[in-house]
Amino acid sequence: MRLKTFATSLWATTGLIMAGASATAQEVNQELEIVGHPINGATGFQPAATELARDAQWLDGMLLVIITIITLFVTGLLAWVIIRYNQKRQTTPAGFTHHTPLEIAWTVVPIVILIIIGSFSMPVLFKQQTIPEGDINIKVTGYQWYWGYEYVDEGVEFESFLLARDELEDFGYSQDEYLLATDTAVVVPVNSTVVMQLTGADVIHSWTIPAFGVKQDAVPGRLSQLWFSAEREGIFFGQCSELCGKDHAYMPITVKVVSQETYDAWLAEAKS
């Protein structure tokens, strides 16, 4: 009889906790704009929410300009050779075998281009890989097929699972967020430096948020790091980006960037 009463009480308590979590998620979601998510028919990057993302998107644009110029030059050169030196216009083929200035040019010019690209790309890479001291430190563990999070300085830890279609509205999401939203989100304050340590519990996973410009593999037996500082509030989504098994497509990432006051309230509730 006591066992039955205990089980009934446990289920009731669990239900109250889930209901409270759902209500809290709805309240937070109503206050936050969904920023980092895919849009049907859209092209290009998600809006950059960190300095790292802005740097990476600017670098991509610069490389696109350089590649476009090279492509147009090579295409124009090919067209000119085809038109100017076809068999109808020039029945006798050219007989030279060496052209020293030309050989120097096509050796030096690519070197100069690579130096220019490297001078801009290396600082962006170093900024990503130079891990600052974190205001918030989170250990992330990839499992088949969900994520575990531990706020190592606060003693708060939880696991994050994909929301089923019929659960989305209970947590404040719409059907558009299916395969993106999770039952428990990572919550961080705006304009704070967040450092994450990543590892895998079984196979290699990869934690990424496109709007933050971060992506880092979670390798079993190793600790790797990434960092970001979100500059705007909102809800951002990501996915495991390393093929990790049959449910690889079903382990999304949800990050909520909130005000410091909202974060403090969330942290106090999480600790309790």
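The values are calculated or read from the model by the stated rules, or taken from the named source; none is laboratory data. Note that the structure is a prediction, hence the values are computed from the model and not measured. A quick note on method: Cβ atoms are made from the backbone with ideal geometry, for glycine too, and the neighbour counts reach across all protein chains shown. Surface accessibility is based on the protein's heavy atoms, side chains included, excluding ligands, DNA and RNA. Shrake-Rupley method; radii C 1.70, N 1.55, O 1.52, S 1.80 Å.
Brief remarks on what is shown
- Net charge dipole, segment 127-251: roughly 620 debye, given to the nearest 20, about the Cα centre with Cβ charges of +1 for Lys and Arg and -1 for Asp and Glu.
- Dividing the mean sequence gap of close Cα pairs (under 8 Å, 6+ apart) by how many residues the chain holds gives a relative contact order of 22 percent.
- Taking semi-axes √(5λ) of the Cα gyration tensor in Å as calculated from this structure, the corresponding entry among [x] 52, 20, 18; [y] 39, 23, 16; [z] 41, 19, 17 is [x].
- Relative contact order (percent, whole number), segment 162-213, Cα cutoff 8 Å, 6+ residue spacing: 26 percent
- Among beta bridges from DSSP that stay inside the chain, the antiparallel ones total about 65%.
- Rounded percent of accessible protein surface that carbon and sulfur make up, segment 133-271, 1.4 Å probe: 44 percent
- GNM flexibility winner over the chain from V186, V156, V112 (Cα, springs under 10 Å): V112
- The separation of segment 222-272 from segment 88-103, counted between C-alpha centres, amounts to 61 Å.
- Span-like helix criteria (full DSSP H runs; alpha carbon extent of at least 20 Å along the helix axis; mean Kyte-Doolittle hydropathy of at least 0.0) are satisfied in the chain by 2-31, 51-84, 100-129.
- Dipole of segment 51-129, positive end: most advanced residue of V109, Q90, L78 [Cβ charges, Cα centre]: Q90
- Our note on the geometry: Cα centres of segment 49-73 and segment 117-151, 22 Å apart.
- Near A218, the amide H atoms lying under 5 Å from its own belong to H205, S206, W207; only residues 5 or more places off or on other chains count, and H is placed 1.01 Å from N.
- Among G95, G76, G36, the largest mean-square fluctuation in a Gaussian network model of the chain, built with springs joining Cα atoms closer than 10 Å, belongs to G95.
- Structure remark: mean-square fluctuation, Gaussian network model of the chain, C-alpha springs under 10 Å; the largest value among D55, D153, D217 belongs to D153.
- For segment 33-42, Karplus couplings with θ = phi - 60° (6.51, -1.76, 1.60), whole Hz, Gly/Pro x: 8, 7, 9, x, 8, x, 10, 4, x, 7
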